[in-house]
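Heads up: the structure comes next, in structure tokens.
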Amino acid sequence: MNARGLQADPRPANMVDLQFELRGERMPAEHGWALYRAIAEHLPWLAESPHAGIHAVRAAAIDPTTLGLSRRVKLVLRVPLERAAEARALEGRRLGLVGGALEVGAARERAIEPWSSLHARLAIAGPEEESAFLAALNVLLADDGYSVDIVLGRAASIATPEGRTSGYAVLLHGVTEQASIELQERGIGTHRLYGCGLLVPFRTVGSVRGEQ
């Protein structure tokens, strides 16, 4: 068994995370829809690219509605490998958001790797009530042939063009090596371009209830 808790390495992923340097002072804490619109001005093909997504920016909060940006903060896009070069067109662009413009710097690729536990900070995948959401997510994964253990974290909501929609943080345990790659490629639920349903390795010990 390797360090990821898996038996063997699966095929390479056909998606990749592009990590861009990000320069600016602050941005809205709730930024999914606005950030997508700003990026889509430069990468209009994102909306037509299956499974592409934009990770929520992780940064320290200045106040409940604002994030402060340090040099360590990155902008991360999940895109098909064959479009990674096109996505680099975002380098050097300015993104207009409420609170000030952001400057996008150089990008580097981060490969998607298999882990036996995966986490989505927010998944929009079914009913708002917790037990009904869990049941719907179990059906969704089972219908696609995945057998995993699911733990739900705290509920949250995001703004979309259609209004607010809600979901839960999701932790998947007992993921096989091939399923781990596939689930990270595909994500779970909807609104991946707004930062939802993007699965990443869960490397730390602790309760998903504590995730922000």
Task: Set A38, A136, A34: member being among the hydrophobic types (A, V, I, L, M, F, W, C) and assigned by TED's automatic domain parsing to the domain that holds L172 - done: A136
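For the structure I just gave you, tell me whether A13 is in contact (Cβ under 8 Å) with a residue 40 or more places away in the chain and either basic (K, R) or in a loop (DSSP other than H, G, I, E, B) (or both).
Numbers: in contact (Cβ under 8 Å) with a residue 40 or more places away in the chain: yes; either basic (K, R) or in a loop (DSSP other than H, G, I, E, B) (or both): yes.
In short, yes.
Just need a number here: residues in region 91-108 that are in a strand (DSSP E or B) and either of a type in the set (K, R) or not assigned by TED's automatic domain parsing to the domain that holds T66 (or both). Break it down into steps so the answer makes sense when it comes.
Step one: list which residues in region 91-108 are in a strand (DSSP E or B), which gives 94-97, 100-108.
Of the ones still in play, those that are also either of a type in the set (K, R) or not assigned by TED's automatic domain parsing to the domain that holds T66 (or both) are 94, 108.
The total comes to 2.
The values are calculated or read from the model by the stated rules, or taken from the named source; none is laboratory data. Keep in mind that what you see is a predicted model, and the values were worked out from it rather than measured. Please note: Cβ atoms are built from the backbone with ideal geometry, for glycine as well, and neighbour counts cover all protein chains shown.
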